[in-house]
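Data block below; observations after.
The values are calculated or read from the model by the stated rules, or taken from the named source; none is laboratory data. Keep in mind it's a predicted model, so treat the numbers as computed, not measured. Every residue, glycine among them, receives a Cβ derived from its backbone with ideal geometry; neighbour counts consider all protein chains shown.
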């Protein structure tokens, strides 16, 4: 009797000490693996938290409590232990085969749905083995019962199973993957998950849409990310019948090229589509590299198009009937004259323009121009033969350094002018001028500037002083930036 008690005591001490040592050792290994970002850390956590405790409990019941092998408590503990072992084995299989897979291998391309189905198959197989081994279950009868039950379950879940089978077919075909932008029916969105039942999309409105595989299989799917991420977008715009089509197409093409996000290769294309009731309709076809930026790119293009149309005297007509009355000056001419006269009041006193007559329309060689935020008024390396006086808004003067980066020189504000560096030289501009905010400028041609100088020679001296100052700044910046 004493020997039996000593035997039980030794088993109890061994289990307590052995479990504690194993947990401590595994804890150190898990910490090192987590620090090195090893996938096996998750498997070792399962072993430490589930497999070891259940193994110790199983030994305790069998050798300390000395319960017979046929006891239900022993069988229950053994069943839980093998379930934990199966869980650890599946975690190890996933870590070895899929978690450590490189991006270009077949293991990395295996869909998550197939991995889940394979995991389910292994769970069912392991469960059957445990039932047969531990509980001595009759697998033949169990399979027969499952066969009958599966028919009933299949009839009850035919829609769900149909989605699963459709999902398997889609995964084998692989028409899309996580991260792709799709259009399914009337829904557009980016794929964020593909599971056993459905595909989850996140739309432009940041709403999640869940589409079952069965519905996906019956819809036409447009993939904007494959076979390449390049996407062609089409926008239709109408201009007045009085606007020459070639000028309208030139403005549309130039605006597309200057819009951030629109690719220059392939080159944007402009088509004359139709002659409608109130306008001639043109279509702009341009390409973008990232479909997720579509809304921002469309907004930038349409916003810049308004400013470009204003600068080039193009009319975007309203879809209404317009009646023209020729009794004196038209309202458009009066509006232009009024705006021009008001703009004269904001110019500095050294600009020799006649500001006393508020009824005259703009003189030849002088016009008001509008630029949107981010638009370039003058480009470095391009010729410029006009002087620009800022009426409202502000602009940034920049110069490219040796690394082709833009270095800021100064901000041009209301009442100041720019464009003097290349006004009479005929050489490419050494600087760029970009609108910081909505910018309104009075553009004066070289011939008009000559007439002003003839009328007031002090104007030439003012231009020369500012020109010399700005050239020194540009030369200093280029000297500092030079390698």
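Quick notes
- Test: residue in segment 369-386 that is over 39 Å from the mean Cα position of the chain (by Cα) and either under 24 Å from residue 304 (Cβ atoms) or assigned by TED's automatic domain parsing to the domain that holds residue 306 (or both): yes
- Taken together, the residues in segment 234-257 that are farther than 15 Å from residue 310 by Cα and out of contact with any strand residue (DSSP E or B) (no Cβ under 7 Å at 6 or more places or on another chain) amount to 2.
- Selection from segment 210-220 of residues that are out of contact with any helix residue (DSSP H, G or I) (no Cβ under 9 Å at 6 or more places or on another chain) and surrounded by 16 or more Cβ atoms within 10 Å (Cβ to Cβ): 211
- Qualifying residue in segment 264-281 (condition: closer than 22 Å to residue 369 by Cβ and outside any loop (DSSP other than H, G, I, E, B)): no
- Those residues of segment 170-218 which are more than 17 Å from the chain's Cα centre (by Cα) and part of a loop (DSSP other than H, G, I, E, B), in sequence order: 174, 175, 176, 185, 186, 195, 196, 197
- Flag for residue 407 being surrounded by fewer than 18 Cβ atoms within 10 Å (Cβ to Cβ) and in contact with a strand residue (DSSP E or B) (Cβ under 7 Å, 6 or more places away or on another chain): yes
- Pairs where the first residue, in segment 388-402, is without any contact (Cβ under 8 Å) to a residue 40 or more places away in the chain and the second is in a strand (DSSP E or B), C-beta under 7 Å, 6+ apart: 398/406; 398/407; 398/408; 398/409; 398/432; 398/434; 400/406
- Residue 275 vs. criteria surrounded by 15 or more Cβ atoms within 10 Å (Cβ to Cβ), at pLDDT below 95 and either out of contact with any helix residue (DSSP H, G or I) (no Cβ under 8 Å at 6 or more places or on another chain) or within 29 Å of residue 227 (Cβ to Cβ) (or both): no
So that you can scan it fast, the table gives a plain yes or no per residue for (1) within 17 Å of residue 475 (Cβ to Cβ); (2) in contact with a helix residue (DSSP H, G or I) (Cβ under 9 Å, 6 or more places away or on another chain); (3) not in a loop (DSSP other than H, G, I, E, B):
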site: 373; (1), (2), (3): no, yes, no
site: 397; (1), (2), (3): yes, yes, yes
site: 414; (1), (2), (3): no, no, no
site: 425; (1), (2), (3): yes, no, no
site: 437; (1), (2), (3): no, no, no
site: 441; (1), (2), (3): no, no, yes
site: 452; (1), (2), (3): no, yes, yes
site: 460; (1), (2), (3): no, yes, yes
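- Selected residue (only one of 399, 390, 412 is surrounded by 19 or more Cβ atoms within 10 Å (Cβ to Cβ), farther than 25 Å from residue 303 by Cα and in the same structural domain as residue 444 (by TED's automatic domain parsing)): 399
- Check on residue 97, part of a helix (DSSP H, G or I), under 34 Å from the mean Cα position of the chain (by Cα) and modelled with pLDDT under 85: yes
Conditions (1) surrounded by fewer than 17 Cβ atoms within 10 Å (Cβ to Cβ); (2) free of Cβ contacts under 8 Å to residues at least 40 places away in the same chain; (3) more than 26 Å from residue 9 (Cβ to Cβ), marked per residue:
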site: 39; (1), (2), (3): yes, no, yes
site: 43; (1), (2), (3): no, no, yes
site: 67; (1), (2), (3): yes, yes, no
site: 72; (1), (2), (3): yes, yes, yes
